[in-house]
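Data block below; observations after.
No value in this document is a laboratory result; all are computed from the given coordinates. No experiment lies behind these values; they were computed from the predicted model shown. Please note: Cβ atoms are built from the backbone with ideal geometry, for glycine as well, and neighbour counts cover all protein chains shown.
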Amino acid sequence: MLLQERRGTGFMDGWWGCGAAGHVEAGESAFDAAVGEAREELGVEVSPGDLVPVTTLQRYSLTRLPVEQRADIFFTCSRWSGEPRVMEPAKSAGIRWFPLDELPERTVPHERQALELVAAGGDIPAYVTRGFAQSLTLVAAMGRNRIIGADGDMPWHLSEDLKRFKRMTLGGTLIMGRGTWDAIGRPLPGRTSIVLTRDRDWSAEGALVAHSLAEALTMAPDGEVFIGGGGQIYRETIDLADTLELTEIDAEPEGDTTFPEVDLQQWREVSREQREGFDWVTYVRR
C-alpha cells in the first residue's frame, strides 16, 4: 500500500495516510475526485474504471464542529500510468510502499481502520463508523474554591486519590495539556497519553502530540476518553463531556488554576464516597 507522510497541513502532520486523498468538489463524483487527487498528489493517471470502492467510513467528532463530521470513501487501485512521486512537497514529507500487515505505528487512525479491512481480506462491510461510541470523562481534584493547581503543580498530595486515578484510567486514553504533562514529568504506564500543545516543534517520548482538540479526538479510539487537565483543557471540554469524576477536597488552597463551574442544571450527582478530608463524586450530564 502506498502511503504519504503528512506535513504542513495543520492536521495529523507527521502521520502516514493514504497515497492520495482529498475533498469532493461541487458537481464532482467521488470517482472523479480520486482520479484528480492521484494526478495532483502523485503525478499518476488513473482510469475511473480501475478504481474499486472498498468502504465508506462515517466519522463523528465530539467537537460537534460541522467540518469535523465526515464520510470518507475509500478506493483501491492496482493499475495506473506514471511513476508515483511527491507532487505537493509543502503537504507531504514523502511517500513509501508498506506491506499491509506492517503499517507504520503513526498511521492516521480512521485510515488505518479502512486499510486493516483491506488487509483482512474477505467480505468488507460497505459502511463502517468511527467516533460515535466515543465519550469524554473529565477527571480532576479541586478545593472548595475550585482551585486545581498552583505554579504548575497540585497544591496537595493525596496518594489515595492518585491510586484511584490510576485505577480509573489504566488501559485507557488520556488527553492533557502541555503544562499537565510537564507537571507529571513522564509518561504514565499502561495508558495512551495525548498531549495538546500549540508548539508544533514540541515532542516527548511516550506521548502523542495534538495541536487541536479535534486532532486529539481523532487519535483517540472509540470508548471512554479521559481528560486530565489543565484548566484550559477542562474549560474547552466540559460542555462536550458525559461524565465528571471529581475529588472534592475540603480546603480552599491558594492557586492560579481553576476547574470550571459545575452547573447543576446540566449535571446530576450520581455517587459520592466520603473519605478523610475529601469526597469522590461522580456527575453525569442530565
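With the cut-off at under 20 Å, measuring from each backbone N in segment 138-167 to a point 7 Å along the Cα-to-Cβ line of residue 254 picks out 142-157. Of the residues 86, 217, 169, the one whose Cα sits farthest towards the positive end of the charge dipole of the chain is 169 (charges of +1 on Lys and Arg Cβ, -1 on Asp and Glu Cβ, taken about the Cα centre). Which log10 I(q)/I(0) values does segment 132-263 give at q = 0.15, 0.17 Å⁻¹ under the Debye formula, counting every alpha carbon as one identical point scatterer? Log-scaled intensity ratios, in q order: -0.68, -0.89. Stokes-Einstein diffusion for segment 2-130 at 4 °C, viscosity 1.567 mPa s, with a Kirkwood radius from C-alpha pairs, works out to 84 µm²/s. Extension gain, residue 166-residue 32: 0.36 nm per intervening residue step, less the Cα-Cα distance, totals 43.3 nm.
For segment 160-197, the residues whose amide N sits under 17 Å from a probe point set 7 Å from the Cα of residue 203 along the beta carbon direction are 187, 193-197. Measuring from a point 7 Å past the Cα of residue 129 along Cα-to-C-beta, which residues in segment 237-276 have an amide N at less than 20 Å? Of the residues in segment 237-276, 240-243 have backbone N under 20 Å from the label point off residue 129.
In loop segments of segment 84-138 as defined by DSSP, the trypsin sites (Lys or Arg not before Pro) with at most 16 further C-beta atoms inside 10 Å of their C-beta are 85, 91, 106. A cut-off of 5 Å between modelled amide H atoms, ignoring neighbours fewer than 5 places along the same chain, links residue 258 with 148.
Among 256, 123, 32, the residue with the largest mean-square fluctuation in a Gaussian network model of the chain, with springs joining Cα atoms closer than 10 Å, is 123.
When DSSP beta bridges are restricted to pairs lying wholly in the chain, around 55% turn out antiparallel. Using only alpha carbons, the chain has a radius of gyration to Kirkwood radius ratio (Rg to Rh) of 1.05. Structure remark: mean-square fluctuation, Gaussian network model of the chain, C-alpha springs under 10 Å; the largest value among 87, 176, 12 belongs to 87.
Counting 0.36 nm for each residue step from residue 144 to residue 13 and taking away their Cα separation leaves a gain of 43.1 nm. Using the Cβ-Cβ distance between residue 39 and residue 235 with R0 = 45 Å, the FRET efficiency computed as 1/(1 + (r/R0)^6) comes to roughly 0.50. Working from Cα pairs under 8 Å separated by at least six residues, relative contact order for the chain is 18 percent. Loop-resident chymotrypsin sites (Phe, Trp or Tyr not before Pro) (DSSP state other than H, G, I, E or B) in segment 69-167 with no more than 12 further Cβ atoms inside 10 Å of their Cβ: 132.
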